[in-house]
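Since the structure comes first, as structure tokens, the remarks are kept for the end.
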Amino acid sequence: MSPVEQRFGPYGGRYVPETLIAALDELTAAWEEARDDPSFNARQDALRRDFVGRPTPLYLAERLSERVGSRVYLKREDLAHTGAHKINNALGQTLLAQRMGKRRIIAETGAGQHGVATATACALLGLECVVYMGTEDIRRQAPNVERMRLLGAEVAPVEAGARTLKEAVSAAIRDWVANVDTTHYVIGSAVGPAPYPALVRDLQRVIGEEARAQALAAEGALPRRVIACVGGGSNAIGIFAPFVEDAEVALVGVEAGGDGIASGRHGASLGAGQTGVLHGSLSAVLSDEDGQILEAHSVSAGLDYPGTGPEHAWLRDTGRASYVAVDDDGALGALRELARLEGIIPALESSHAVAWLLENPLQGDGFDLLCLSGRGDKDLAEYTRRTSAA
Amino acid sequence: MIAGEERIRAAFAAAEAEGRAALMPYMMAGFPDREAGLAVAAAYVDAGADLIELGVPFSDPLADGPAIHAADTKALAGGATLRTALEVCEAVADRVPVVLMVYVNMVLAHGGGAEFAKLARAAGAAGAIVPDLPLGEDEGIRDAFHEAGLAMVPLVAPTTPPDRRARIGAVAKGFVYLVSTVGTTGERGELAPELAELVAATKADAGETPVAVGFGIGTPAQVGEVGKVADGVIIGSRLVRAADEGGSPAGAADAVAEFLAEARVALDG
């Protein structure tokens, strides 16, 4: 296999304190070795099947299809153990950490889904687990905090800045700088310094590989469009990756429009941001004229991040993928629509992708593939608060 | 030798001629506020600083611990920008060499390496430390800095493998910034026991280029201890705390001057 990518065009790289360089080299080498090791892959495959519940179904959503006027298949990552695609990455990285002899795991979390997935994988493998979480998110996502604690993880509160995801990532990186000998940092999205964007993509690629084979089996053809929400962009890069070489398949990433792009309060770093460095990689970021990183805004905690994965920035520049935005109200409406049409309550993150599909039906023949990245149970309080206030 | 590098090397040489290590206090521009920042810089010069490391406030300072991160946040809340730091630089750069500590996103936002170096040189800066631009990622920006006469000061960490440390020593301009311990900036009770060994190895790799040690140095005794083995001693979080506790521009200046006077005694002794 080819080496783990350090850059995607100009994007990516390792913009981190010198202290971490040796650990990133070690991680790169470990991943290059592990991903070609049949025994590592056999163990991961068995756990994906028996513990995570893979392959997740590809579901032809008939009433949704009727509503938009063309066939729509949902890749049901919401049915994976712990309720989202995050477990694919958490399981793979903790298996890798175990192989590297690291017994202490740290992670960051915003909404709590990645924190729960990492705490779950650590419980499974008997590893120590510390999850950094902003105090504002701890307040908003109390059930997930309880889940992590029940799974044996320590939830470390972060008081800095807006007390949300961006600061939780920074706190985790600082912990890693101080404890790099004993600790592996399980980053939750396809962001961060190399090799993380490539490592996370490799681990999430299973979404797209399964979906591509399932679509061919169901339709005898590839989808016309593959649609996924993009915050850091791990579910999107996972489902896009196996389709990148299929030039006839359009790839559409849906970012958080927040209160609307014009309001300046959004999470659309690919559509309305700048090229800059956040958390170790050069990519699309939300940053002001002086170079200060701005706060993102989204109804969905998982998309509430002022950066995105470097590979997405490159797919955008090369024109291979296009990136659009859906605002908070659109996402809230789509959550309700899918619940009523299909009996599926999607995560607010995934609801952004559903909302874009509802507004942009496929013209002509063929079918769409949409990544339903997670379930929406975690969002019920936020949904109720936002829709009853209106 | 480039212009900024020459000034930095001269400052180290002057301290060495006095038989001691160079004293390099760190400060955050715009902290606790704009005026107090200017007062702190002036106090550093008066108290015998050989060089000043000048922090440019940034929203996401990954290499810094809680004390300096909080100072970044407070300076930004007070409206500080790169301009605030350049103003401090202009005020003292004719008396001591100033080395900016700036995160890479700010360099990029101000037009990239060449444009940023032009701004820094116009304000009199001699060098720059970019803590999130390690060897391997830095070529374009480093070359642009050096073309403009701004010395790019690289960092070496205890985790840096020997072959990499040698490559960093070979490209260093001004001095090599040796991180004393694994972790972010901040005061610590004890220095790493293997520090003397690490300094010696780094000096061997750096050749003629001086080696200054920073991160975790918070007492006059630690300053004296590090000064025995290194060419320069950097004091950061301890002075940021002193400036914050000063209460007013004059109070901040007095507080940092008091600590620096003790540090100089420890170095001279």
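The values are calculated or read from the model by the stated rules, or taken from the named source; none is laboratory data. As the structure is a computational prediction, the values presented were derived from the model and not from experiment. Here Cβ is always computed from backbone atoms with ideal geometry, including for glycine, and neighbour counts include all displayed protein chains. For the accessible areas, the whole protein counts, side chains as well, though only heavy atoms, and no ligand, DNA or RNA atoms are used. Shrake-Rupley method; radii C 1.70, N 1.55, O 1.52, S 1.80 Å.
Just give me the residues in segment B:57-76 being within 11 Å of another protein chain (Cβ to nearest Cβ), over 18 Å from the mean Cα position of the chain (by Cα) and surrounded by fewer than 24 Cβ atoms within 10 Å (Cβ to Cβ), in sequence order.
Listed by number, the residues that qualify are B:THR73, B:LEU76.
Somewhere in segment A:179-200, is a residue surrounded by 24 or more Cβ atoms within 10 Å (Cβ to Cβ), within 14 Å of chain B (Cβ to nearest Cβ) and touching a Lys or Arg at 6+ places or on another chain (Cβ under 8 Å)?
Within segment A:179-200, one or more residues are surrounded by 24 or more Cβ atoms within 10 Å (Cβ to Cβ), within 14 Å of chain B (Cβ to nearest Cβ) and touching a Lys or Arg at 6+ places or on another chain (Cβ under 8 Å).
If you take the residues in segment A:123-138 that are over 12 Å from A:TYR185 (Cα atoms) and either part of a helix (DSSP H, G or I) or hydroxyl-bearing (Ser, Thr, Tyr) (or both), which one is nearest to the chain's Cα centre (by Cα)?
Checked segment A:123-138; the qualifying residue nearest to the chain's Cα centre (by Cα) is A:ASP137.
Among the residues in segment B:123-139, are any out of contact with any helix residue (DSSP H, G or I) (no Cβ under 6 Å at 6 or more places or on another chain), closer than 20 Å to B:ALA3 by Cβ and open to solvent by 40 Å² or more (accessible area, probe 1.4 Å)?
No, segment B:123-139 has no match at all.
Within segment A:290-298, is even one residue surrounded by fewer than 24 Cβ atoms within 10 Å (Cβ to Cβ), more than 14 Å from chain B (Cβ to nearest Cβ), touching a residue at least 24 places away in the same chain (Cβ under 8 Å) and closer than 26 Å to A:ASP368 by Cβ?
Within segment A:290-298 (the criterion being surrounded by fewer than 24 Cβ atoms within 10 Å (Cβ to Cβ), more than 14 Å from chain B (Cβ to nearest Cβ), touching a residue at least 24 places away in the same chain (Cβ under 8 Å) and closer than 26 Å to A:ASP368 by Cβ), the answer is no, since none of the residues qualifies.
Look at A:VAL326 and say whether it is in a strand (DSSP E or B) and either of a type in the set (Gly, Ala, Ser) or surrounded by fewer than 23 Cβ atoms within 10 Å (Cβ to Cβ) (or both).
Numbers: in a strand (DSSP E or B): yes; either of a type in the set (Gly, Ala, Ser) or surrounded by fewer than 23 Cβ atoms within 10 Å (Cβ to Cβ) (or both): no.
Taking the combined requirement at face value, the residue does not satisfy it.
If I ask for residues that are open to solvent by 20 Å² or more (accessible area, probe 1.4 Å) and either away from chain A (no Cβ under 12 Å) or under 11 Å from B:MET27 (Cα atoms) (or both), which ones from segment B:77-87 would you list?
Correct list: B:GLY78, B:GLU87.
So A:GLU108 passes all but one of these: (1) crowded, with 24+ Cβ neighbours inside 10 Å; (2) of a type in the set (D, E, K, R); (3) part of a helix (DSSP H, G or I). Which condition number does it fail?
(3) is the only condition that A:GLU108 fails.
Please specify each residue of segment A:305-323 satisfying the condition of being among the polar types (S, T, N, Q), in contact with a strand residue (DSSP E or B) (Cβ under 7 Å, 6 or more places away or on another chain) and not in a strand (DSSP E or B).
Of segment A:305-323, the ones among the polar types (S, T, N, Q) are A:308, A:318, A:322.
From what's left, in contact with a strand residue (DSSP E or B) (Cβ under 7 Å, 6 or more places away or on another chain): A:308, A:322.
Of everything in segment A:305-323, just one residue is among the polar types (S, T, N, Q), in contact with a strand residue (DSSP E or B) (Cβ under 7 Å, 6 or more places away or on another chain) and not in a strand (DSSP E or B), namely A:THR308.
Could you grab me the full set of residues in segment A:236-276 that are open to solvent by less than 10 Å² (accessible area, probe 1.4 Å) and among the acidic types (Asp, Glu)?
Of everything in segment A:236-276, just one residue is open to solvent by less than 10 Å² (accessible area, probe 1.4 Å) and among the acidic types (Asp, Glu), namely A:GLU255.
I'm checking my understanding of the structure. Among residues of segment A:19-45 that are of a type in the set (A, V, I, L, M) and more than 14 Å from chain B (Cβ to nearest Cβ), which one is least open to solvent (accessible area, probe 1.4 Å)? Steps first, please.
So in segment A:19-45, the residues of a type in the set (A, V, I, L, M) come out as A:20-24, A:27, A:29-30, A:34, A:42.
Filter once more, keeping what is more than 14 Å from chain B (Cβ to nearest Cβ): A:30, A:34, A:42.
Numbers: A:ALA30: 19, A:ALA34: 0, A:ALA42: 59 Å².
Among residues in segment A:19-45 that are of a type in the set (A, V, I, L, M) and more than 14 Å from chain B (Cβ to nearest Cβ), the one least open to solvent (accessible area, probe 1.4 Å) is A:ALA34.
So which residues in segment B:188-223 are more than 14 Å from every other protein chain (Cβ to nearest Cβ) and part of a loop (DSSP other than H, G, I, E, B)?
Within segment B:188-223, B:GLY189, B:GLU190, B:LEU191, B:PRO193, B:GLY207, B:GLU208, B:THR209, B:PRO210, B:ILE217, B:GLY218, B:THR219 qualify.
Given the criteria under 22 Å from the mean Cα position of the chain (by Cα) and under 24 Å from B:GLU137 (Cα atoms), does A:ASP181 qualify? Outline the logic, then answer.
Working: under 22 Å from the mean Cα position of the chain (by Cα): no; under 24 Å from B:GLU137 (Cα atoms): yes.
Against the criterion (under 22 Å from the mean Cα position of the chain (by Cα) and under 24 Å from B:GLU137 (Cα atoms)), A:ASP181 does not qualify.
Go through segment B:189-222 and give me each residue that's under 16 Å from the mean Cα position of the chain (by Cα) and crowded, with 22+ Cβ neighbours inside 10 Å. Write out each step before concluding.
Our first condition is that a residue be under 16 Å from the mean Cα position of the chain (by Cα); within segment B:189-222, this holds for B:209-218.
Hits for segment B:189-222 are B:THR209, B:PRO210, B:VAL211, B:ALA212, B:VAL213, B:GLY214, B:PHE215, B:GLY216, B:ILE217.
Just to verify a result, which residue in segment B:165-177, among those that are within 10 Å of chain A (Cβ to nearest Cβ) and in contact (Cβ under 8 Å) with a residue 40 or more places away in the chain, is surrounded by the most Cβ atoms within 10 Å (Cβ to Cβ)? Walk me through it before giving the result.
Of the residues in segment B:165-177, the ones within 10 Å of chain A (Cβ to nearest Cβ) are B:165, B:168, B:177.
With the extra rule that they be in contact (Cβ under 8 Å) with a residue 40 or more places away in the chain, the set shrinks to B:165, B:177.
Values: B:ARG165: 23, B:TYR177: 28.
Among residues in segment B:165-177 that are within 10 Å of chain A (Cβ to nearest Cβ) and in contact (Cβ under 8 Å) with a residue 40 or more places away in the chain, the one surrounded by the most Cβ atoms within 10 Å (Cβ to Cβ) is B:TYR177.
Within segment B:231-256, which residues are open to solvent by less than 30 Å² (accessible area, probe 1.4 Å), within 21 Å of B:PRO97 (Cβ to Cβ) and out of contact with any Leu (no Cβ under 7 Å at 6 or more places or on another chain)?
Within segment B:231-256, B:GLY232, B:ILE234, B:ILE235, B:GLY236, B:LEU239, B:VAL240, B:ALA243, B:ALA253 qualify.
Take A:SER351 and decide whether it is open to solvent by less than 10 Å² (accessible area, probe 1.4 Å) and either under 24 Å from A:PRO197 (Cα atoms) or modelled with pLDDT of 95 or more (or both).
Numbers: open to solvent by less than 10 Å² (accessible area, probe 1.4 Å): yes; either under 24 Å from A:PRO197 (Cα atoms) or modelled with pLDDT of 95 or more (or both): yes.
Considered against the rule, which asks whether it is open to solvent by less than 10 Å² (accessible area, probe 1.4 Å) and either under 24 Å from A:PRO197 (Cα atoms) or modelled with pLDDT of 95 or more (or both), A:SER351 comes out as yes.
Restricting attention to segment A:82-103, does a residue exist that is of a type in the set (A, V, I, L, M), under 21 Å from A:PRO195 (Cα atoms), more than 19 Å from the chain's Cα centre (by Cα) and not in a helix (DSSP H, G or I)?
Checking segment A:82-103: at least one residue is of a type in the set (A, V, I, L, M), under 21 Å from A:PRO195 (Cα atoms), more than 19 Å from the chain's Cα centre (by Cα) and not in a helix (DSSP H, G or I).
Determine if segment B:88-100 includes at least one residue that is at pLDDT 95 or above, surrounded by fewer than 24 Cβ atoms within 10 Å (Cβ to Cβ), within 14 Å of another protein chain (Cβ to nearest Cβ) and outside any loop (DSSP other than H, G, I, E, B).
Looking through segment B:88-100, none of the residues is at pLDDT 95 or above, surrounded by fewer than 24 Cβ atoms within 10 Å (Cβ to Cβ), within 14 Å of another protein chain (Cβ to nearest Cβ) and outside any loop (DSSP other than H, G, I, E, B).
Restricting to segment B:137-164, count the residues that are more than 9 Å from every other protein chain (Cβ to nearest Cβ) and over 27 Å from B:LEU191 (Cβ atoms).
As a first pass, look at segment B:137-164 and keep what is more than 9 Å from every other protein chain (Cβ to nearest Cβ): B:138-153, B:162-163.
Retained after the next criterion (residues that are over 27 Å from B:LEU191 (Cβ atoms)): B:138-150.
Number of matching residues: 13.
Would you call A:ASP379 in contact (Cβ under 8 Å) with a residue 24 or more places away in the chain, touching a His at 6+ places or on another chain (Cβ under 9 Å), acidic (Asp, Glu) and surrounded by 21 or more Cβ atoms within 10 Å (Cβ to Cβ)?
Answer is no for this residue.
Could you list, in sequence order, the residues of segment A:54-72 that are open to solvent by less than 40 Å² (accessible area, probe 1.4 Å), outside any helix (DSSP H, G or I) and among the small types (Gly, Ala, Ser)?
A:ALA61, A:SER70
Which number in (1) surrounded by fewer than 24 Cβ atoms within 10 Å (Cβ to Cβ); (2) within 27 Å of A:ARG147 (Cα to Cα) marks the one condition that A:LYS75 misses?
Single failed check for A:LYS75: (1).
When the residues of segment A:204-225 are narrowed to those that are more than 12 Å from A:LEU58 (Cβ to Cβ) and in contact with a strand residue (DSSP E or B) (Cβ under 7 Å, 6 or more places away or on another chain), which ends up surrounded by the fewest Cβ atoms within 10 Å (Cβ to Cβ)?
The extreme case among them is A:ARG224.
Taking the condition among the small types (Gly, Ala, Ser), in a helix (DSSP H, G or I), open to solvent by less than 10 Å² (accessible area, probe 1.4 Å) and touching a residue at least 24 places away in the same chain (Cβ under 8 Å), does A:ALA172 pass?
Working: among the small types (Gly, Ala, Ser): yes; in a helix (DSSP H, G or I): yes; open to solvent by less than 10 Å² (accessible area, probe 1.4 Å): yes; touching a residue at least 24 places away in the same chain (Cβ under 8 Å): yes.
Judged against the criteria, A:ALA172 is a match.
Going through A:VAL68, A:VAL52, A:VAL16 one at a time, which residue ends up being more than 14 Å from chain B (Cβ to nearest Cβ) and under 23 Å from the mean Cα position of the chain (by Cα)? Lay out the reasoning, then the answer.
Details: A:VAL68 fails: under 23 Å from the mean Cα position of the chain (by Cα); A:VAL16 fails: more than 14 Å from chain B (Cβ to nearest Cβ).
When all the criteria are applied, what remains is A:VAL52.
Restricting segment B:101-115 to residues that are within 10 Å of another protein chain (Cβ to nearest Cβ) and either touching a residue at least 24 places away in the same chain (Cβ under 8 Å) or under 18 Å from the mean Cα position of the chain (by Cα) (or both), which is most open to solvent (accessible area, probe 1.4 Å)? First the steps, then the outcome.
Going residue by residue through segment B:101-115, those that are within 10 Å of another protein chain (Cβ to nearest Cβ) are B:102-110.
Among the residues that remain, those that are also either touching a residue at least 24 places away in the same chain (Cβ under 8 Å) or under 18 Å from the mean Cα position of the chain (by Cα) (or both) are: B:102-107, B:110.
Details: B:VAL102: 0, B:TYR103: 4, B:VAL104: 1, B:ASN105: 3, B:MET106: 0, B:VAL107: 1, B:HIS110: 46 Å².
Taking the candidates together, the pick is B:HIS110.
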